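Since the structure comes first, as structure tokens, the remarks are kept for the end.
The values are calculated or read from the model by the stated rules, or taken from the named source; none is laboratory data. For clarity, every value in this text was computed on a predicted model and none was experimentally measured. Positions of Cβ are generated from backbone atoms using ideal geometry, with glycine treated the same way; all protein chains shown enter the neighbour counts.
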Amino acid sequence: MISLKAGLSWLIGLALLATLLINLTIQLMHAGPRVRAEAGSNLRLAREFVLTTIATLPDNEDPAPALRRLYANLGSLRHVDIRILERGEAPPALWPRSGDASDDDPPAWFVKMVDVPPPRVIIVPIRIHDREFGGVAIVSNPLDELGEIWSDMTRLASISLMVTLAIIVLMLVLVRFSLTPFSALQAGLADLETGKSGVRIAPGGASEFRNISSALNSLATTLDRVRQENRDLVNQLIDIQDSERKEIARDLHDEAGPCLFSIRAASASLQEAVAQSPPNTARIQQICAIVDTASETLQLLIGGLLGRLRPKGLSELGLEAALKSLFASWSLGHPEVELRLLAPHDLSSLDETTAFTAYRVVQESVTNIFRHAKASWAQVSIEFGWERIEERGESEADELPRLTLVVEDNGIGVSEQRRSGMGLLGMRERVQGRGGTMKVERRAQGGTRVIVALPIGDEEEPDRR
């Protein structure tokens, strides 16, 4: 996998290289027309110059020596070759280039690619007063112009290559400096993955890195808070379990113990009464009554313990009956609070896990009302509903069945500190564990409202009607 730094460097380098190739291609495309135009122009200028020179020659002597001396003094002309021909002398088949070949000459492949035209020859006769004195051969030399083009292109390519390398090096340094915060982000994420607490990333670099650092710090803060809440919940769970064990042990010791001792003592007395001859019927009846009373007390004790461990009648009678039984027991202990239960639908189709979760939510909510709300009435409504789920990228939305619980009262209302208390936190964890949602709010008329939505599986979907 290529790194971001290498990818940016390659991208910039390829862009600069593509720009260089485009510029060279454009120059190469214009090289042929440029050479042809330059060669034609120079050829025309040389012809005019030769004609002007011939017109100024004296009339009484051979002009050839004077012309040779003139062109020898001029030296090599740019892009043209001039040769003085004697009368009757034919021009050579191969015209040499002006000057000797050098390392600056363009390579053969470049000459072939540009398609340089062949040298063009113009013969200007030397005629004075109708007398022929030979001629002047003018040859265009396009390779000189092509050499200048080759020199310009190589110079441009060299400068562009050096600039490209300099920009790539500068970009590497800049990218390396700009991506320095990535190391801190990677280390912070690694610490979060290992479960460390108190992970914070110092904001630095570009604004994007600062935003990412702030988001990670917020995530770390949330994780620390969730871990602390989980530890508090575990500690609370352990305390509740220990407290329940102590209460059960105390009830067994204080109530079950005497009952069992009474039954054991009655059994010994019954053996003695039966052993008498004749048996003491009145004594036997008295002992049986003692055993019956102790057994009944022990049965009530075990029933109460089972009711504390598991809601009485929840599995057999359903959620609605279990809540009615719970409300009846609460009404005896708290007659000052009017309890109302609204259940317009048949709740017997609920699975045991959902029903037990709903029962515990109602139990904890109403317990908080008794302890903190100072309310005169409380109402619990339980009904089936449908939750609209809109899938991303789809125009249609799906509806999922859910069980909605609303517990409200007319008390003093819940405070912010109480809203995050351990009881409500435990309820929220229980609801979220079932994939549901929970919201606690203040009623406009006064008091508190707890709204819980629990998902229901396909096998428990209620009839839409």
(message) For the range 426-450, which positions are under 22 Å from residue 231 (Cα atoms), not in a loop (DSSP other than H, G, I, E, B) and not acidic (Asp, Glu)?
(response) 426, 427, 428, 430, 431, 432, 433, 437, 438
(request) Examine the range 295-318 for a residue that is under 25 Å from residue 358 (Cα atoms) and modelled with pLDDT of 80 or more, and state whether such a residue exists. (result) yes
(message) One residue is enough: does the range 412-433 have a residue meeting the conditions over 30 Å from residue 236 (Cβ atoms), of a type in the set (D, E, K, R) and at pLDDT below 85?
(response) no
(message) List pairs: first residue in the range 104-118 and touching a residue at least 12 places away in the same chain (Cβ under 8 Å), second residue among the hydroxyl-bearing types (Ser, Thr, Tyr) and outside any loop (DSSP other than H, G, I, E, B) anywhere in the structure, Cβ distance under 7 angstrom, at least six positions apart or on different chains.
(response) 104/151
(message) Between a residue in the range 1-16 that is within 16 Å of residue 180 (Cα to Cα) and any residue that is modelled with pLDDT of 75 or more and loosely packed, with under 12 Cβ neighbours inside 10 Å, which pairs come within a Cβ distance under 8 Å, given they are 6 or more apart or on different chains?
(response) 5/176
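Considering 184, 157, which residue is modelled with pLDDT of 80 or more, surrounded by 12 or more Cβ atoms within 10 Å (Cβ to Cβ), outside the structural domain of residue 23 (by TED's automatic domain parsing) and within 30 Å of residue 13 (Cα to Cα)? Please lay out each step first, then the result.
Values: 157 fails: outside the structural domain of residue 23 (by TED's automatic domain parsing).
The conditions single out 184.
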(request) List the number of the failed condition for residue 119; all other conditions in (1) surrounded by 11 or more Cβ atoms within 10 Å (Cβ to Cβ); (2) at pLDDT 80 or above hold. (result) (2)
(request) Name the single residue, out of those in the range 25-41 being surrounded by fewer than 17 Cβ atoms within 10 Å (Cβ to Cβ) and among the aliphatic types (A, V, I, L, M), that is farthest from the chain's Cα centre (by Cα). (result) 37
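Just one of 169, 175, 199, 163 is under 26 Å from the mean Cα position of the chain (by Cα) and in a helix (DSSP H, G or I); which is it?
Numbers: 169 fails: under 26 Å from the mean Cα position of the chain (by Cα); 199 fails: in a helix (DSSP H, G or I); 163 fails: under 26 Å from the mean Cα position of the chain (by Cα).
It is 175.
Just wondering, is there one or more residues in the range 63-83 that are polar (S, T, N, Q), at pLDDT 75 or above and either loosely packed, with under 15 Cβ neighbours inside 10 Å or not in a loop (DSSP other than H, G, I, E, B) (or both)? Explain how you work it out, then say what you get.
Step one: of the range 63-83, the residues polar (S, T, N, Q) are 73, 76.
Subsequent filtering for residues that are at pLDDT 75 or above retains none.
Looking for residues that are polar (S, T, N, Q), at pLDDT 75 or above and either loosely packed, with under 15 Cβ neighbours inside 10 Å or not in a loop (DSSP other than H, G, I, E, B) (or both), one finds none in the range 63-83, hence no.
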(request) State whether one or more residues within the range 200-212 are under 30 Å from residue 304 (Cβ atoms) and surrounded by 11 or more Cβ atoms within 10 Å (Cβ to Cβ). (result) no
(request) Among the residues of the range 124-142, count how many are under 30 Å from residue 27 (Cα atoms) and surrounded by fewer than 20 Cβ atoms within 10 Å (Cβ to Cβ). (result) 0
(request) Please work out if residue 266 is in contact with a Pro (Cβ under 6 Å, 6 or more places away or on another chain) and not basic (Lys, Arg). (result) no
